[in-house]
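Input: a single structure, listed below in structure tokens.
The values are calculated or read from the model by the stated rules, or taken from the named source; none is laboratory data. Fair warning: this is a prediction, and the values are worked out from it, not measured in the lab. Cβ placement follows ideal geometry from the backbone for every residue including glycine, while neighbour counts extend to all protein chains displayed.
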Amino acid sequence: MFKTISALNSLLGTLLSLVIVAGLGVGGWFAYRAYYADKWALEDTEKELEEKEKEVTRLSVQLASSQEQVETLGEELKAKEREIARLSMANRLLKVDHRIARLDVLWQGPSAQTGELTTRVSFVETDEQGKPLERPRVFDIKGEFVRVDALVIKFADQQVEIGDPLRSTSVCLFKQIYGDEDAPKKGFPLDSASSRPAPYERGGKMSDLEREIWANFWDYANDAEKAKKAGVRAAHGQSFFQQVRPQKRYKVFLRSTGDLTIIPEDRPPEETGQTF
């Protein structure tokens with residue numbers, strides 16, 4: 001009996017020891033897990049953040065690439081628009097005719113003083129719609145032919161293309177008008193190099209550029225280097241010579257190419273028959 005009780009006590013002690021050891025193991029495992037749980041959670045969070053940063057970086061690179069493509073396309077579009085505008089303007093300037101003046105033959109017949117054939121003409125500069133830009137000037141010239149001398153400046157292509165208000169085409173300054181029986185040196189003066197020609201009037205005082213153009217006209221005509229620096233392709237005198245008839249009207253054009261042209265034009269019915 002005593003042995004039985006002793007054996008039972010020994011078994012209970014062993015069981016108690018096992019329970020204690022098991023309890024210590026479980027407690028240790030929970031303590032270990034509790035100790036490292038925060039560390040594992042932090043590592044997981046760091047991995048998630050790292051993955052998100054990689055995704056953000058990838059998306060940023062993709063966005064930057066897209067923006068660069070948009071900017072490139074925008075620049076290409078602007079360049080094409082500028083080229084279209086430039087070609088359109090150049091094409092317009094090459095085709096447009098600029099009405100510079102109107103010449104009316106007011107009377108033609110023998111002079112009461114000398115008996116020589118005399119032609120009375122009215123000369124007025126106009127805008128492109130034919131509206132006078134100045135008061136008409138009337139001249140009595142000898143003969144039935146009228147000659148007008150002019151100074152013409154032709155600008156280089158790049159000056160034409162930039163669309164400057166003055167340099168966007170060839171420009172002309174009328175020097176004098178006279179008849180075929182008149183001596184050229186006794187011709188009637190028209191424009192002055194010290195004043196702005198009426199078709200180029202834009203209000204205000206004459207600009208330094210305009211003064212420079214006309215003041216240096218013959219320098220441009222004789223000095224290629226100086227002309228090139230000023231964007232001038234050519235500078236020279238030019239004349240038109242026209243037989244005129246009573247009651248006729250003539251239009252004078254300066255094309256953007258620098259060519260002077262004179263053509264007949266019908267006068268309005270209300271003006272027909274007027275003499276001075």
Single match in Thr169, Thr261 (criterion: at pLDDT below 90 and not in a loop (DSSP other than H, G, I, E, B)): Thr261
Name every residue in the range 213-258 that is touching a residue at least 24 places away in the same chain (Cβ under 8 Å) and in a loop (DSSP other than H, G, I, E, B), in order of residue number. Gly231, Val244, Arg245, Pro246, Gln247, Lys248, Ser256, Thr257, Gly258
Would you confirm whether any residue within the range 215-235 is within 18 Å of Val148 (Cα to Cα), out of contact with any strand residue (DSSP E or B) (no Cβ under 6 Å at 6 or more places or on another chain) and either modelled with pLDDT of 75 or more or surrounded by 12 or more Cβ atoms within 10 Å (Cβ to Cβ) (or both)? no
Might you check whether a residue that is touching a Gly at 6+ places or on another chain (Cβ under 7 Å), closer than 19 Å to Glu210 by Cα and at pLDDT 85 or above occurs anywhere in the range 153-160? yes
It is to be established whether one or more residues within the range 82-90 are modelled with pLDDT under 65, under 30 Å from Leu133 (Cα atoms) and touching a Lys or Arg at 6+ places or on another chain (Cβ under 8 Å). no
Based on what the data block shows, is Arg120 within 21 Å of Arg102 (Cα to Cα) and modelled with pLDDT of 95 or more? yes
